[in-house]
Amino acid sequence: MRIQKLTAVALLMLSSLFAGAQGFEGSIYFTKSNMMDVTQYAYHVKGNMVRIDEMVEGSDKKVATLLVNLDNGDMFALSHERNLWMKRPSKDGATKAEGVEVKEGSLQRSIHGKNCKQYRVKNAAADREIMYWVTEGDYAFFPKLLEILKRKDNFSTYYLNLDGLGNKLPVMAEENTLLREKKGFLQVDKIEQKKLAAVMFDIPEGYEKMER
């Protein structure tokens, strides 16, 4: 009986470790603004795949979708209006901003039930500072995704200068000038940890390849 109990405990521990190793699966909804335009995104994550849906502000209507394979870096862009898809070429260049100073703050707060820590990244030459509220969990997909996308916006390039990104996710960020004039914000509206259908990460049936 004792052996059976020990075996059951060992199996439970292994299953817990295996579940943790799978990383985040579910959907994360973002709002991003440059103080003029507002863009809403949904990031759907399953295994090594990420689906990024750009949506019309205030609705679930999709403007465009990008499918990203975190293992090999392949990206496929979908046009829902025209039922077309194309393979998006990889971008060259650095992913981190240069000339920035990173300061890890002592402040913490709860956002969407997640414990978040404050970081500030400043670029004096560019007259910019971004304050991030960052949580830690099963979010290893996020820094990998930014490395593949190679976005040039400050929210992305400044963030990649943080140490130990590992399993971290920015839940809120605010970009200001050094005189505290607001230039943009980024926030997570909702985090849903749930099982997703694998078909979400396939090119939909009936979509035709767009020739460049």
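A short reminder: the numbers here are calculations on the coordinates, not readings from a lab. Remember, it's a predicted structure, so these values are computed and weren't measured experimentally. Cβ: placed from backbone, ideal geometry, glycine included. Neighbour counts: every protein chain shown.
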Net lengthening on full extension, Lys87/Asp74 (0.36 nm per residue, minus Cα-Cα): 3.9 nm
Tell me the Kirkwood radius of the stretch 151-199: reciprocal of the mean inverse pair distance over distinct alpha-carbon atoms, in Å. 13.4
Distance from the stretch 172-212 to the stretch 109-145 (C-alpha centre basis), Å: 16
Lys150 paired with Gln118, simple spin-label distance in nm, labels 7 Å along Cα-to-beta-carbon: 3.5
Order these peptides, 27-35, 78-86, by their mean beta-carbon neighbour count within 10 angstrom, highest first. 27-35, 78-86
The chain: equivalent-ellipsoid semi-axes (sqrt of 5 x gyration tensor eigenvalues, Cα, Å): 30, 27, 16
About the Cα centre of the stretch 134-212, what is the dipole size in debye to 20, counting +1 per Lys and Arg Cβ and -1 per Asp and Glu Cβ, all else neutral? 160
Can you find, among Tyr158, Leu107, Leu145, the residue farthest towards the positive end of the dipole of the stretch 21-201? Put +1 on the C-beta of Lys and Arg, -1 on that of Asp and Glu. Leu145
Which of the peptides 147-155, 170-178, 101-109, 51-59 is most tightly packed, and how do the rest follow, judged by the mean count of other Cβ atoms within 10 Å per residue? 170-178, 147-155, 51-59, 101-109
Can you tell me how much longer the chain between Lys183 and Gln108 gets when fully stretched, taken as 0.36 nm per residue apart minus their C-alpha distance, in nm with one decimal? 24.7 nm
Work out the length of the dipole vector of the chain about its Cα centre, built from +1 on the beta-carbon of each Lys and Arg and -1 on the beta-carbon of each Asp and Glu, and round it to the nearest 20 debye. 480
